[in-house]
Each structure stands twice: as structure tokens, then as C-alpha cells.
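Participant: First the structure, which I've put down as C-alpha cells, then a few questions once you've had a look.
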Amino acid sequence: MMRAMVLEAPRRPLVEERRVTPKPGQGEILVKIEACAVCRTDLHVVDGELPNPRLPLIPGHEIVGRVIALGAGATAFQSGQRVGIPWLGHTCGCCAYCRSGDENLCDRPSFTGYTRDGGFATHVVADARFAFALDGFADPVAAAPLMCAGLIGWRCLKKAGEGRRVGLYGFGAAAHILTQVCRWQGREVYAFTSPGDSAAQTHARSLGVCWAGGSDQAPPEALDAAIIFAPVGPLVPCALAAVRKGGRVVCGGIHMSDIPAFPYRLLWEEREILSVANLTRGDAVEFLTVAPQAGVRTTTTAYPLERANDALADLRDGRIQGAAVLVPS
């Protein structure tokens, strides 16, 4: 039997259930979960901000665990091997986007913890083609946030370009990982938090940012690029005002409140607004190579699985520095 925290309907607390442990099908693996980080996307699912989740649903998509059974044709892994399972759970492989290498935009995807059961549980079944070996990662709790906060942050950084001065709006799980990568690359990081959030600003400074302040403040230098992780639409014109001519503003979330009207002069001079959707397996392979080289160390707060609702509440209310991680007992 397995245990799971289950979403029965949006905007309701998760319910603990015992279920028969599933068996892996063709091309699938069964993973005993060691840790699952809690992502803001999980909040969007639980709070009903993302439409049409598969219900009842086990949320969670930043999963680290050990393979304990392999379905027919799942030959990439061995029993006992540590793997990571991310948000992108499956793609069709045949639509125009998949054929062109843009599988993150697949017309018929499935997503872990949204349209297929995820990692707020003791066990999970995953498509083996969309899981990644974590042979060199010794601490599953530390590795769990890399599977979304790290991966999406990496894709955002690639979209942001090669500029030296990078602003990060919303200093949570993704930003604290990306700061370390940027510093390793020799970039300057400017951290923007909720106005007056001294704890987040202190955390940012401890990771070596060259400036930390509220999102209502202007940076001391014009930025080459800004990445917005906070799901707050009014930050878009703020970020546009902070970047130089030709600068880029990358929106990294799957959900954001409405972007207000803003004067054209903020966009003029060839500034750009881009969004990031999901990730590709190539992104994961790249980032899981970069993270150890950059010496990334995640800041985590561990919760037992049965306290998933507390972890979600603490994330919702901004009481966590870094990432919350659920650990099955």
C-alpha cells in the first residue's frame, strides 16, 4: 500500500489516503519517493488558478526517489537507481512542436501533479523517458527543488540572453538557485522582493547578490535582463522600466495576474517581453550538468508528507526561504 495527499477539489485541503501501490506499465517506472519539493505551480493547481486538473489528483512534480520496479521496455534505469521526475510527464512526439524540438509546447502533453498523479505520496509511476538519472546527487531533499525551480530557472536564464546584469523578481525557490548559477557564470544579480521583505533580502544577500531591495524600487544600474518569478502582473512594467534599451523581461511562471496597461515608452527602444512554458528534456540534461559544476546548494525546509497542507500554506503566505520539501516518513 502507498500513502498520498490527494486533492479532491480545488480550494480544498488535501486529504491523506491509502491506496494500492500502482504497477508500472509499458515504458514506465515505479519510484519510491524520497522527497518532493513544493512548487508555486502546486499552489496554482490547489487554489484553482490552473484549469481542468485531473481529479482526484496527487499533486507534486519536483520528485526524487529510487526506482523499485520497471515496466516492459523501460531499459534506461536499473532497480535502486535514484531518479528525478519533473513537471513535463509525457509528450505526444508527433505534433509540429515535438517534431521541431519544442516539446515543451506539445499539443497533447501530460504534466506530473496536474494531469497525472505526482509526488505528494510515497510512490509514483512515471514515463521512464521523462525521468532523469540523479546518480551524483547524494541528498534527495536538496536535489528535489532542482526538478522544477532549477529547471524553469535555467530555461528562463537561457531566454534572458547573455547580459551581465540580471534582475530576479520574486526571491523564492527558483531565484535562490538561479542566483548561484549566475554568479558562477560571472553575472551580477539584482534581487527584487515584496516591499519590506527583509528576510528574503537577507537571504538574497547571503547568496552573493550585488543588490537586494523591494520590487517598488529601481535598481542602481540598468539591467540587461529581468526574470519575473512572482505571479504578479504589475511587475512586468516595473521590470521593463528597469532594463536597458534592447533589454529582455522574461515571465517565468505558468500563471500570473493580469498585466496592467503601461505606456509604450517602457517597451520602446527594442525592449522585449517573453514567457517560458514548461521545459524540455534537453533543458534538464543541461541543468543537471551545470548545477554540480556551479556548486548549487539549495535552501530547504522539510515537512513530513502528512503536513503537505502546512507546507502549501507556508509557501502561500511567504513564510519559506528557498523551498519547502515533503519527505515521506
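Participant: Just to be sure I understand the filter: pairs with C-beta atoms under 6 Å, separated by 6 or more residues or on different chains, first member in segment 22-40 and over 13 Å from Asp127 (Cβ atoms), second member among the basic types (Lys, Arg). Which pairs pass?
Facilitator: Once the first residue is over 13 Å from Asp127 (Cβ atoms) and sits in segment 22-40, its partners that are among the basic types (Lys, Arg) give Lys32/Arg66.
Participant: Would you call Ile320 outside the structural domain of Pro109 (by TED's automatic domain parsing) and either among the small types (Gly, Ala, Ser) or in contact (Cβ under 8 Å) with a residue 24 or more places away in the chain (or both)?
Facilitator: Spelling it out, it is not the case that Ile320 is outside the structural domain of Pro109 (by TED's automatic domain parsing) and either among the small types (Gly, Ala, Ser) or in contact (Cβ under 8 Å) with a residue 24 or more places away in the chain (or both).
Participant: Give Glu49, Glu16 a once-over and let me know the one that is surrounded by fewer than 23 Cβ atoms within 10 Å (Cβ to Cβ) and not in a loop (DSSP other than H, G, I, E, B).
Facilitator: Within the list Glu49, Glu16, the selection yields Glu16.
Participant: To continue, here is another question. Is at least one residue of segment 43-60 in the same structural domain as Asn309 (by TED's automatic domain parsing), within 17 Å of Ala143 (Cα to Cα), within 22 Å of the chain's Cα centre (by Cα) and without any contact (Cβ under 8 Å) to a residue 60 or more places away in the chain?
Facilitator: no
Participant: Now a separate question. Determine which member of the set Arg116, Arg99, Arg108 is at pLDDT 95 or above and under 20 Å from the mean Cα position of the chain (by Cα).
Facilitator: On inspection, the qualifying residue turns out to be Arg116.
Participant: Let me ask something additional. If you check Val166, Val125, which single one turns out to be under 22 Å from Pro304 (Cα atoms) and touching an Asp or Glu at 6+ places or on another chain (Cβ under 8 Å)? First the steps, then the outcome.
Facilitator: Details: Val166 fails: under 22 Å from Pro304 (Cα atoms).
None of the other options fit; the residue is Val125.
Participant: Identify, from the list Ile254, Ile228, Ile259, the residue that is surrounded by fewer than 17 Cβ atoms within 10 Å (Cβ to Cβ) and either assigned by TED's automatic domain parsing to the domain that holds Val181 or among the charged types (D, E, K, R) (or both).
Facilitator: Result: Ile259 is the single residue among Ile254, Ile228, Ile259 that is surrounded by fewer than 17 Cβ atoms within 10 Å (Cβ to Cβ) and either assigned by TED's automatic domain parsing to the domain that holds Val181 or among the charged types (D, E, K, R) (or both).
Participant: Of the conditions (1) within 30 Å of Glu8 (Cα to Cα); (2) surrounded by 17 or more Cβ atoms within 10 Å (Cβ to Cβ), Ala74 fails just one. Which one is it?
Facilitator: Tallying (1) within 30 Å of Glu8 (Cα to Cα); (2) surrounded by 17 or more Cβ atoms within 10 Å (Cβ to Cβ), Ala74 fails exactly one: (1).
Participant: Looking at this structure, is Glu34 assigned to a strand (DSSP E or B), under 19 Å from Leu326 (Cα atoms) and either at pLDDT below 95 or over 22 Å from the mean Cα position of the chain (by Cα) (or both)?
Facilitator: It is false that Glu34 is assigned to a strand (DSSP E or B), under 19 Å from Leu326 (Cα atoms) and either at pLDDT below 95 or over 22 Å from the mean Cα position of the chain (by Cα) (or both).
Participant: Go through segment 170-206 and give me each residue that's under 21 Å from Val249 (Cα atoms) and among the aliphatic types (A, V, I, L, M).
Facilitator: Within segment 170-206, Ala173, Ala174, Ala175, Ile177, Leu178, Val181, Val189, Ala191, Ala204 qualify.
Participant: Something else now. Are any residues in segment 213-230 over 20 Å from Glu270 (Cβ atoms) and either touching a helix residue (DSSP H, G or I) at 6+ places or on another chain (Cβ under 7 Å) or small (Gly, Ala, Ser) (or both), and if so, which ones?
Facilitator: Residues satisfying the conditions are Gly213, Gly214, Ser215, Ala218, Phe229, Ala230.
Participant: What's the number of the only condition in (1) on the phi > 0 side of the Ramachandran plot; (2) part of a strand (DSSP E or B) that Val83 fails to meet?
Facilitator: (1)
The values are calculated or read from the model by the stated rules, or taken from the named source; none is laboratory data. Quick caveat: nothing in here was measured; it's all calculated off a predicted structure. Heads up, the Cβs are rebuilt from the backbone with ideal geometry, glycines too, and the neighbour counts pull from every protein chain shown.
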